[in-house]
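Taken together, the values in this text are just the output of simple stated rules run on the coordinates, not laboratory data. Treat the numbers as computed from the prediction; the structure is a model and nothing was measured. Don't worry about glycine lacking a Cβ; one is built from the backbone with ideal geometry, like all the others, and counts go over all protein chains shown.
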Amino acid sequence: MSAWCLRAVVLSALVVALRALLGFAMVYWPTHGALMRSGCLLVLVVAIAAWGVLDGRRDRVAGGDAERGADLTMMWLKAAVAGGVGSGLVAWILDFVPHFDLGDNGLLFEVTAGASFIILLIFVPALIGVGIGRMRAERHNGKGRPTPPSLHSAAGSVI
């Protein structure tokens with residue numbers, strides 16, 4: 001399984017699981033909807049950003065410098081598109097199952113507007129995480145730090 005396909009499947013499953021959990025929770029605690037939605041959104045964004053950080057660190061350690069790194073932008077874009085459309089399709093199908101309340105959205109909404117929101121929700125935090133991961137790897141390897149100025153000149157005297 002390719003790297004983007006794995007990310008798409010896992011994140012799509014996470015989105016559907018959080019939507020189903022939110023649907024069940026809204027039945028029992030309808031007055032806490034805003035807090036539960038914010039919590040689910042936070043869980044999703046943190047998971048995506050953490051995976052992006054791991055990818056960025058792994059890429060920078062393996063590649064060594066910015067010129068030799070992998071194209072993580074396209075990998076995460078493919079994962080986001082597949083995850084967004086896939087989670088929309090699965091949520092639309094699960095909405096027909098009794099006792100699943102996933103919003104009663106139509107198929108066209110789920111694969112267009114709903115999917116575009118999920119695509120951005122996956123792609124943007126992942127790339128932020130990749131950037132943070134690459135910066136942390138550079139700092140850990142010492143490549144991102146500027147060299148301190150020398151205290152001695154070429155003649156050996158103290159400046």
Within a Cβ distance under 14 Å of Val97, other residues only, what is the Lys/Arg minus Asp/Glu net charge? -2
To the nearest 10 degrees, how steep is helix 72-94 against the longest Cα principal axis of the chain, on a 0 to 90 scale? 10
Using only helices, what value at 222 nm comes out for the chain when you add -39,500 (n - 2.57) per DSSP H run of length 4 or more and divide by the total residues, to the nearest 500 deg cm²/dmol? -25000 deg cm²/dmol
Specify the angular offset, from 0 to 90 degrees and rounded to the nearest 10, of the alpha carbon long axis of helix 33-63 from the longest principal axis of the alpha carbons in the chain. 40
With a ≥ b ≥ c from the Cα gyration tensor eigenvalues, square-rooted, and the rule rounded for a/c under 1.5, otherwise prolate when a/b > b/c and oblate otherwise, the chain is prolate
How long is the gain from Val9 to Val61 if the chain were fully straight, where each residue apart is worth 0.36 nm and the alpha carbon distance is subtracted? 16.1 nm
With a cut-off of 11 Å, note down the residues of the stretch 55-98 whose backbone N falls inside the zone around a label point 7 Å from the Cα of His140 toward its beta carbon. 55-62
Listed residues Ile119, Ile93, Ile132, most fluctuating in the chain (Gaussian network, C-alpha, under 10 Å): Ile93
Contour minus Cα-Cα distance for Leu54 and Phe100 (0.36 nm per residue): 13.2 nm
For Leu89 and Leu108, calculate 0.36 nm times their separation in residues minus their Cα-Cα distance, and state this gained length in nm to one decimal. 5.9 nm
Among the chymotrypsin sites (Phe, Trp or Tyr not before Pro) within the stretch 11-53, which fall in a DSSP loop and have no more than 13 other Cβ atoms within 10 Å of their own Cβ? none
